[in-house]
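Asks: My questions all concern the structure below.
The values are calculated or read from the model by the stated rules, or taken from the named source; none is laboratory data. Fair warning: this is a prediction, and the values are worked out from it, not measured in the lab. Here the Cβ positions follow ideal geometry from the backbone for every residue, glycine too, while neighbour counts run over all protein chains shown. Just so you know, the surface numbers come from the protein's heavy atoms only, side chains and all, with ligands and any DNA or RNA stripped out. Shrake-Rupley method; radii C 1.70, N 1.55, O 1.52, S 1.80 Å.
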Amino acid sequence: RLLAAGVPDAARDARVLVAHAAGVPATEVGIRREDRLDGSAETRLSVALDARVARQPVAQIIGHRAFWQHVFEVTGDVLDPRPETETLVAAALEGPPPTRILDLGTGSGCIVLSLLAAWPEATAVATDQSAAALKVAARNADRMGVRRRLTLLRGNWLKPVCGRFNLV
């Protein structure tokens with residue numbers, strides 16, 4: 001179905017979606033070829049394939065994405081963290097540790113939370129105009145143990161922000 005719909009990397013996506021539907025690691029999909037999906041797993045797979053054919057990102061379908069050194073919750077309320085965005089984290093980590101970070105349009109929080117995890121002395125302010133996105137970022141921050149060092153503000157870019165920052 002994915003190939004017929006012209007989905008790029010259809011084989012990779014299919015493996016991840018089958019694993020998600022079956023509740024097994026993607027590395028086991030090729031090993032367990034003789035196993036059959038039960039009815040509920042078949043339904044989950046069909047729904048997931050429909051979503052992917054409609055071009056919903058795989059991370060949103062399965063609910064998470066590996067980014068930098070962590071796994072982040074991803075929903076339809078946030079953009080899918082892209083691997084090339086990790087270059088921002090890498091570039092920031094090459095510099096001296098900041099005391100205050102500002103993240104505009106935080107979404108899942110993948111950038112700012114990765115930096116907070118790397119810099120235990122830093123604090124951060126993250127903004128997003130979506131309340132739902134801020135809830136996703138808060139859950140990711142809670143899971144990573146950095147929530148107490150993060151202030152989440154709802155608003156458009158700099159509008160709700162005040163203060164000075166070492167890294168934006």
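Asks: Of the chain, which part is the longest with no GluC sites (Glu not before Pro) in a loop (DSSP not H, G, I, E, B) and with at most 12 other C-beta atoms within 10 angstrom? Could you put the intermediate results ahead of the total?
Replies: Values: sites that count: E34, E94, E121.
Value returned for the longest uninterrupted segment is 35-93.
Asks: Computing the accessible area with a 1.4 Å probe over protein heavy atoms, can you report the carbon and sulfur percentage for segment 28-168? Let's see the in-between values first.
Replies: Details: 4270 of 8050 Å².
The nonpolar share, carbon plus sulfur, comes to 53 percent.
Asks: Further question on the same structure: Among L49, S114, L104, pick out the residue whose Cα is farthest towards the positive end of the charge dipole of the chain, where Lys and Arg carry +1 and Asp and Glu carry -1 on C-beta, about the Cα centre.
Replies: The listed residue farthest towards the positive side: L104.
Asks: Turning to a different aspect of this structure: With the Cα gyration tensor of segment 12-76 giving a ≥ b ≥ c as the square roots of its eigenvalues, does the rule (a/c under 1.5 for rounded; else a/b larger than b/c for prolate; else oblate) give rounded, prolate or oblate?
Replies: Numbers: a/c = 2.15, a/b = 1.31, b/c = 1.64.
Cα axes put segment 12-76 in the oblate bin.
Asks: Before I look further, what does the chain give for accessible area per residue, probe 1.4 Å, in whole square angstrom?
Replies: 57 Å²
Asks: Let me ask you something else. Which residues' amide hydrogens lie under 5 Å from the amide hydrogen of A66, considering only partners 5 or more residues apart or on another chain, with H built in the peptide plane?
Replies: Distant-sequence amide H within range of A66: F72.
Asks: For volume of the Cα convex hull per residue in Å³, the choices are (i) 106; (ii) 148; (iii) 126; which was calculated from the structure?
Replies: Working out volume of the Cα convex hull per residue in Å³ from the coordinates points to (iii).
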